[in-house]
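Below: the structure, in structure tokens.
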Amino acid sequence: MAHDHDDHHHDNELDPMAARVRALETILTQKGLVDPAAIDAIVETYETKVGPHIGAKVVAKAWSDPQFADWLKRDATAAIASLGISGRQGEHMQAVFNTADTHNLVVCTLCSCYPWSVLGLPPVWYKSPPYRSRAVIDPRGVLAEFDLVLPETTNIRVWDSTAELRYLVIPLRPDGTDALSEAQLAKLVTRDAMIGTGIALAPEAA
Ligand code: FE
């Protein structure tokens, strides 16, 4: 969102990254070092351009293109980079594919490592101590709180992110989507489905 420089009443709602950008902007503008319009472009990148719609594109391509899915399984960092998406140096991506038997869930127990290059900024709950500890101790209970009740026979695999390795869940492709284009499929892929606290939307729900 391009923000209005005279309107500061939303400041308390800014996420930490945007708040830091705003603070830097003020200092640098006052010193005459930057053009506020250039800073707006950076803020807009974090708020609108880098977000779950990027990960959704990756998932939709994996659903539509078996060769890409295979590449994503073997080397997610390279497969994702081939779509023009890249993270910071030193971060590697791993795609974890849900199957009929196994559901994957991502957490960072230590802090808040998150695949920001494909999902944007993490939701507040992802960084909360209860999620970080309970996702490991009681993943089924955590998923139930997200209204995701999986069959008892479904194995839940929890992946603990680090600064070096970030996980992206590839949810199961919903039934009744054979005729959909990649762009239509991407609309079914929610942020939570790519963290594992949700699943992809049914076509009629999107
Ligand atoms: Fe972390």
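Laboratory data are not the source of any read-out in this text; all were calculated from the coordinates shown. These numbers come from a predicted model, not from an experiment. A quick note on method: Cβ atoms are made from the backbone with ideal geometry, for glycine too, and the neighbour counts reach across all protein chains shown.
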Report task. Would you work out which of 53, 177, 69 lies farthest towards the positive end of the dipole of segment 51-195, given +1 charges on the beta-carbon of Lys and Arg and -1 on that of Asp and Glu, about the Cα centre? Result -> 53
Report task. Let me know the whole percent of all Cα-Cα pairs from the chain that are separated by more than 28 Å. Result -> 34
Query raised in the report: Looking at the chain, what % of its DSSP beta bridges pair antiparallel, to the nearest 5?
Result: 0
Report task. Please work out the C-alpha center-to-center distance from segment 36-86 to segment 122-150 and express it in whole Å. Result -> 25
**Report entry** the chain - Cys residues lacking any other Cys C-beta under 4.7 Å
**Finding:** 111
Query raised in the report: Taking H as built 1.01 Å from N, whose amide H comes closer than 5 Å to the amide H of residue 159, not counting residues under 5 places away?
Result: 105, 106, 107
Report task. Please report the orientation-averaged projected area of segment 41-133, defined via the convex hull of its C-alpha atoms, in nm². Result -> 7.2
Requested in this report: Place a +1 charge on the Cβ of each Lys and Arg in the chain and a -1 charge on the Cβ of each Asp and Glu, then give the dipole magnitude about the Cα centre in debye, rounded to the nearest 20.
Outcome: 640
Query raised in the report: Along segment 166-181, what does the Karplus equation 6.51 cos²θ - 1.76 cosθ + 1.60 (θ = phi - 60°) give for ³J(HN,Hα), rounded to whole Hz, x for Gly and Pro?
Result: 10, 9, 10, 7, 9, x, 5, 6, x, 5, x, 10, 4, 8, 7, 6
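Grab the Cα-Cα distance for residue 162 and residue 44, subtract it from 0.36 nm times how many residues apart they are, and report the gain in nm with one decimal.
The residue 162-residue 44 span can extend by a further 39.8 nm.
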Requested in this report: Evaluate Rg over Rh across segment 130-206, taking Cα atoms for both radii and Kirkwood's formula for Rh.
Outcome: 1.01
Report summary line: Among 126, 189, 136, the residue whose Cα sits farthest towards the positive end of the charge dipole of segment 51-195, when +1 is placed on the Cβ of each Lys and Arg and -1 on the Cβ of each Asp and Glu, is 126
Requested in this report: Using amide H atoms built 1.01 Å from N in the peptide plane, name the residues 5+ places from residue 95, or on other chains, whose amide H lies under 5 Å from its own.
Outcome: 76, 168
